[in-house]
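The values are calculated or read from the model by the stated rules, or taken from the named source; none is laboratory data. Note that this is a predicted model, so its numbers are computed, not measured. Neighbour counts are summed over all protein chains in view; Cβ atoms, including those assigned to glycine, are modelled from backbone coordinates with ideal geometry.
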Amino acid sequence: MTKLLKKLCVPLISLIFLLNMSSAGMAETTVSAEVSFIFNTLLFLICGFLVMFMAAGFAMLESGMVTSKSVSVICAKNIGLFSIAAIMFWLVGYNLAYGIPEGGYIGKFIPWSDASSLSKPYADGSDWYFQMVFCATTVSIVSGTLAERIKLWPFFLFAAILAGIIYPIVMGWQWGGGWLASAGFADFAGSTLVHSTGGAAALAGAILLGPRLGRFTKKGEAAPLKPFAASSIPLVTLGVFVLWLGWFGFNGGSQLAMGTGDDAIAVSKIFINTLLAGAGGVMAAGALTKLSGKTDVIQMLNGCIGGLVAITAEPLLPSPLAAILIGAVGGVIVVYGTKLLFAAKIDDVVGAIPAHLFAGIWGTLVVPVTNSGANFGTQLLGVIAINVFVFVVALIVWSTMKATMGIRLSKEAEVKGTDVSETGVIAYSIRD
């Protein structure tokens, strides 16, 4: 036994010595360009499928928030809009955004094609996939707001226009090197570019579409809860957790690189701030509603989304405490934003406008507090330009559709429920 130990000691000591030498060498060198290419590509692909999983979160959240007679249509809308976004972003969207001249306004109306090369930092296909799921997220924001009274196929047509033209144009202004990027606008992962864009498009549609039948009283107050009760709060809760999980891909992948140790540290910080901002939004919304009476679980859930949206514009540089506060303000904005919509008699079924549009504006404007490279004036310029452009164009599109094919269901169809009138597939047996 002693002889055996002696024989093992020499190679073990040698191995330990070599590992120490190797570690010391690694601290002074970086990985090869090809290894960096692989890690960067993997970041896009892994974070991309996390963001794609958010589509399931939106489907759950919306299915749970609508009444029991409109669930099947929500499912059809979510699987449909994701498919439409994929096709349209390949057909024209990607090159509208990335084919833009430096400092310009619009790119090229041509399909995307793969030109991957190891001379690039990552595979072209991984970037296309990552950017496409962001596009689909933007369209998903519109779906829940207009639920229970919009026709299915006019919604699909608007989804194609938003995914193929409207979103790629504003995306190109910043991430494609367009005029906002040249002006110094900062939006790390899309508080305004994605979330406010979806929220502004939803707001335009909600104004033209009008509220659900009987949703508001003549005084502008919300109608009694029973006729509009959410079909499944547990499903909404699961949806929010799925969205929260997907947000790590949304923000973490927006680092756009994982080829160095610094990138890995940055992604880790982004994950922490994303987690804490969502938590801040939950607790702020919960505490605020408790002060007014009973704790509102729906506002807590939407507060989480508001907090996540708020941190998305700058998830890397804030301290953990700052991330909590930014998210908490997002949660407060959701609560008061919901009241504002009620006062204006704007029917937002899932609360997407406060959570995405209003909280997205807040998150973008607060960036200069933690990012010294940004300034309030440029941030305000970007917020106004993007939201006004999207709202006006969406309003024109919705108005044209309303005047031609019609966008709202008949009174009879709405009373029966969209599941009966639009798909003929009943999600739940409805009982009085």
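Each row is one residue, and each column tells you yes or no for (1) of a type in the set (Val, Ile, Thr); (2) modelled with pLDDT under 95; (3) surrounded by fewer than 16 Cβ atoms within 10 Å (Cβ to Cβ); (4) over 17 Å from residue 179 (Cβ atoms).
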residue: 84; (1), (2), (3), (4): yes, no, no, yes
residue: 92; (1), (2), (3), (4): yes, no, no, yes
residue: 96; (1), (2), (3), (4): no, no, no, no
residue: 105; (1), (2), (3), (4): no, no, yes, no
residue: 109; (1), (2), (3), (4): no, yes, yes, yes
residue: 113; (1), (2), (3), (4): no, yes, yes, yes
residue: 117; (1), (2), (3), (4): no, yes, yes, yes
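Please tell me if residue 293 is within 19 Å of residue 241 (Cα to Cα) and either assigned to a helix (DSSP H, G or I) or not basic (Lys, Arg) (or both).
Numbers: within 19 Å of residue 241 (Cα to Cα): no; either assigned to a helix (DSSP H, G or I) or not basic (Lys, Arg) (or both): yes.
Judged against the criteria, residue 293 is not a match.
Tell me whether region 146-163 contains one or more residues that are in a helix (DSSP H, G or I) and among the basic types (Lys, Arg).
Quick first cut of region 146-163, residues in a helix (DSSP H, G or I) only: 152-163.
If we keep only those that are among the basic types (Lys, Arg) as well, we get none.
No, region 146-163 has no match at all.
Which of (1) under 22 Å from residue 409 (Cα atoms); (2) of a type outside the set (Ser, Thr, Tyr); (3) touching a residue at least 24 places away in the same chain (Cβ under 8 Å); (4) not in a helix (DSSP H, G or I) is the odd one out, the single condition residue 177 does not satisfy?
Result: residue 177 passes all but (1).
Based on what the data block shows, is residue 305 touching a residue at least 60 places away in the same chain (Cβ under 8 Å), assigned to a helix (DSSP H, G or I) and in contact with a Pro (Cβ under 8 Å, 6 or more places away or on another chain)? Walk me through how you get there before you give the answer.
On the way: touching a residue at least 60 places away in the same chain (Cβ under 8 Å): yes; assigned to a helix (DSSP H, G or I): yes; in contact with a Pro (Cβ under 8 Å, 6 or more places away or on another chain): no.
Here the answer is no, as residue 305 does not meet what is asked.
So residue 377 passes all but one of these: (1) surrounded by fewer than 24 Cβ atoms within 10 Å (Cβ to Cβ); (2) in contact (Cβ under 8 Å) with a residue 12 or more places away in the chain. Which condition number does it fail?
(2)
Among the listed residues 354, 320, 315, identify the single one that is touching a residue at least 12 places away in the same chain (Cβ under 8 Å), touching a helix residue (DSSP H, G or I) at 6+ places or on another chain (Cβ under 8 Å) and closer than 18 Å to residue 285 by Cα.
Values: 320 fails: closer than 18 Å to residue 285 by Cα; 315 fails: closer than 18 Å to residue 285 by Cα.
One residue alone meets the criteria, 354.
Scan (1) closer than 27 Å to residue 64 by Cα; (2) part of a helix (DSSP H, G or I); (3) in contact (Cβ under 8 Å) with a residue 12 or more places away in the chain for the single condition residue 385 breaks and write down its number.
With (1) closer than 27 Å to residue 64 by Cα; (2) part of a helix (DSSP H, G or I); (3) in contact (Cβ under 8 Å) with a residue 12 or more places away in the chain applied to residue 385, the lone miss is (1).
Test residue 270 against the stated conditions and say whether it is under 14 Å from the mean Cα position of the chain (by Cα), surrounded by 21 or more Cβ atoms within 10 Å (Cβ to Cβ) and either part of a helix (DSSP H, G or I) or of a type in the set (S, T, N, Q) (or both).
Details: under 14 Å from the mean Cα position of the chain (by Cα): no; surrounded by 21 or more Cβ atoms within 10 Å (Cβ to Cβ): yes; either part of a helix (DSSP H, G or I) or of a type in the set (S, T, N, Q) (or both): yes.
No; evaluated as a whole, the condition is false for this residue.
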